[in-house]
Amino acid sequence: GLGMGMTAPVSITAFPAEDGSFQQKVKVSLRIPSQFQANPPCPTDESIKIEEREGMTIYSTQFGGYAKEADYVSYAAKLKAALGSDAAYHKDFYLCNGYDPPMKPYGRRNEVWFVKE
C-alpha cells in the first residue's frame, strides 16, 4: 500500500545466449529508497523478492538514448572487446542499467556493467 516513486537505476540482469542476445530469462531489480531500506514493505506479489545486493567491482560503459535490447547487446560487445581476454569478470550474466524516467527525451543515461570476479 505504499508508493515509493521512481528509483534509479532500474537494473536488468541479462543472461546472454551464444550469439550475445538476451535469453528469455531476465531479472529486473529496483532500488528501494533510503527511507525504506532498514524495514522494506513486504511485497503482496509472490514473484517479487527483496534481495540485498552485495558490494561489487564493475567494468562499465555508458551510452545515451532510449535503450533497447539491441543497444545493450551492442554495448556489451564493445565493452567485452575493450576489456580483451585478460579481464576476469562473470561471463554468464551482465547488468543493463537505465537511470531516467520514460518521459525524459534528452540527456538519457544507460550503462552496461560486467561484474569483476
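The values are calculated or read from the model by the stated rules, or taken from the named source; none is laboratory data. Not measured: the values here are computed from a predicted model. Here the Cβ positions follow ideal geometry from the backbone for every residue, glycine too, while neighbour counts run over all protein chains shown. We work out accessible area using only protein heavy atoms, side chains counted, and drop any ligands, DNA or RNA first. Shrake-Rupley method; radii C 1.70, N 1.55, O 1.52, S 1.80 Å.
Each row is one residue, and each column tells you yes or no for (1) assigned to a strand (DSSP E or B); (2) exposed (fewer than 15 other Cβ atoms within 10 Å of the Cβ); (3) free of Cβ contacts under 8 Å to residues at least 24 places away in the same chain; (4) in contact with a helix residue (DSSP H, G or I) (Cβ under 6 Å, 6 or more places away or on another chain).
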position	(1), (2), (3), (4)
GLY20	no, yes, no, yes
GLN23	yes, yes, yes, no
PRO40	no, yes, yes, no
ILE48	no, yes, yes, no
GLU51	no, yes, yes, no
THR61	yes, no, no, yes
TYR72	no, no, no, no
LEU79	no, no, no, no
ASN97	yes, no, no, no
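Only one residue in SER21, SER29, SER74 is touching a strand residue (DSSP E or B) at 6+ places or on another chain (Cβ under 6 Å) and under 15 Å from CYS96 (Cβ atoms), so which one is that?
Among SER21, SER29, SER74, only SER29 is touching a strand residue (DSSP E or B) at 6+ places or on another chain (Cβ under 6 Å) and under 15 Å from CYS96 (Cβ atoms).
Within the range 8-18, how many residues turn out to be farther than 15 Å from VAL112 by Cβ and either assigned to a strand (DSSP E or B) or not hydrophobic (A, V, I, L, M, F, W, C) (or both)? I'd like the intermediate steps shown before the answer.
From the range 8-18, those farther than 15 Å from VAL112 by Cβ are 8, 17-18; that's our starting set.
Of the ones still in play, those that are also either assigned to a strand (DSSP E or B) or not hydrophobic (A, V, I, L, M, F, W, C) (or both) are 18.
Summing the residues that are farther than 15 Å from VAL112 by Cβ and either assigned to a strand (DSSP E or B) or not hydrophobic (A, V, I, L, M, F, W, C) (or both) in the range 8-18 gives 1.
For residues that are aromatic (Phe, Trp, Tyr) and either out of contact with any His (no Cβ under 9 Å at 6 or more places or on another chain) or not in a strand (DSSP E or B) (or both), scanning just the range 99-117, find the one that is least open to solvent (accessible area, probe 1.4 Å). Can you show your working first?
Pass one, the range 99-117, residues aromatic (Phe, Trp, Tyr): 99, 106, 113-114.
Narrowing further to those that are either out of contact with any His (no Cβ under 9 Å at 6 or more places or on another chain) or not in a strand (DSSP E or B) (or both): 99, 106, 113.
Numbers: TYR99: 61, TYR106: 182, TRP113: 37 Å².
Looking at residues that are aromatic (Phe, Trp, Tyr) and either out of contact with any His (no Cβ under 9 Å at 6 or more places or on another chain) or not in a strand (DSSP E or B) (or both), I get TRP113.
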